Amino acid sequence: MKKIIVLVLVLTFVIGSTPLFAGEKTYNPALMMDNKIDQGVASNHYLVKAPSQLLRGTHNLVFGWSNIVTDLFQPPIGIGTVLSPITGPVTAVVRTGSGAVDLMTFWIPGFHGWAL
């Protein structure tokens, strides 16, 4: 029984502890690319906006369904797990629809689509 209690305490400490370098920014290329695409779509220059909106639309149309799975792991994990059967499919449908709209309207000069 003592070993189990010690194991639970050690796991609680290891899992619940904050990283030593919590103040440092992490390098995440996916987020950096999303920011560049969103900046490109918001641009008023047509040769920057159109390819960026086409890329965002393709990405949302192809990977929109992944929100069904990724919503399970949204923080806090307990609430995300309980609500994800509702929020996951809704977000997936909205994101996929946004991608379809972006693909159909990327060529329109003044329309920047809907960012999700």
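All of the numbers you see were taken from the coordinates with simple rules; none came from a lab. In this text the structure is predicted, and so the values were computed from the model without any measurement. Counting neighbours? That spans all protein chains shown, and the Cβs are built from the backbone with ideal geometry, glycine included.
Odds and ends about this structure:
- The label point for Ala100 and the one for Phe63, both projected 7 Å from the Cα toward the Cβ, are 2.1 nm apart.
- Cβ-based net charge around His59, under 13 Å, with every Lys or Arg adding one and every Asp or Glu removing one: 0
- Residues of the stretch 48-67 with an amide N closer than 17 Å to a point placed 7 Å from the Cα of Ile108 along the Cα-to-Cβ direction: 49-58.
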